[in-house]
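Report on the structure given below.
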Amino acid sequence: MNTSIGQLYIVSAPSGAGKSSLLNALRERLADVAVSVSHTTRQPRPGEQDGVHYHFTPVETFRQQVADGNFLEYAQVFDNYYGTSRLSVNAQLETGKDVILEIDWQGAQQVRERAQGVTSIFILPPSTTALSERLHGRGQDSAETIQRRMRDAQNEISHYPEYDYVVINDQFDTALEELVCIFRSERLRLARQTQRHAALLHELVN
């Protein structure tokens, strides 16, 4: 039975850097890794399930939770709120799972102010050209939307020095292996090993 407390991670990236694909693959490679499900006040889109894609929350309930300090981070995007529940994250960490927050640099700053010992990772595209090609390759957005996303990406990328690790997603398999290495090395830190193997360590030194 895993008696250790999990590690909290922040993973940020500009749109088109491949963050979601990498995290999906990471969860297939490693056990005990969870991605936090955010709360939002927007209406569900077709196919979205409450508790799976988001926790869909009434506006007044969300605002009350903000007032009560129940969010590690939150933001208002146009007319909707988005946030990460402190209680939900802590509950997952206490089961020994490593919990990932997929948030932007602004949310990351909030989390660093409200939680200790957070490990942060920034995923970068290999070039501006590659990022533009990936956004165009989706075939989902207009040229105007892609231009806006590129401007937003440049602003997002400028905050990479605030993070503990940087992974450049040029070759997917290489980037995934680097991501796996970060998680494995964090699990070998003294504090985690001391929690996980408390009985063994006590026996060895007594």
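Throughout, read-outs are computed from the coordinates displayed, never taken from laboratory work. Predicted model, so just to flag it, every value in this text is computed and none were measured. With ideal geometry, Cβ positions are generated from the backbone for all residues, glycine too; neighbour counts draw on all protein chains shown.
Some points to look at:
- Relative protection proxy for 42-54, 141-153, 15-27, 165-177, from highest mean packing down: 15-27, 165-177, 141-153, 42-54 (other beta-carbon atoms within 10 angstrom).
- For the chain, the longest principal axis of the alpha carbon atoms and the long axis of helix 143-157 meet at an angle near 30°.
- A Cβ-based charge dipole, computed about the Cα centre of segment 135-206 with Lys and Arg at +1 and Asp and Glu at -1, lands at about 240 debye.
- Value of Rg/Rh across the chain [Cα atoms, Kirkwood radius]: 1.00
- Angle between the chain longest axis and helix 172-187 axis [Cα atoms, degrees, rounded to 10]: 40 degrees
- By DSSP, the beta bridges lying fully in the chain are antiparallel in about 30 percent of cases.
- Distance histogram for segment 1-93 (every C-alpha pair counted, 10 angstrom bins, percent rounded to whole numbers): 14, 40, 36, 10, 0
- Nearest-ten-degree value, helix 128-137 long axis tilted from longest Cα axis of the chain: 70 degrees
- A straight line joining the Cα centroids of segment 176-190 and segment 1-46 runs 15 Å.
- In the chain, the DSSP-assigned H stretches of four residues or longer account for a calculated mean residue ellipticity at 222 nm of -14000 deg cm²/dmol, using -39500 (n - 2.57) per stretch and the full residue count as denominator.
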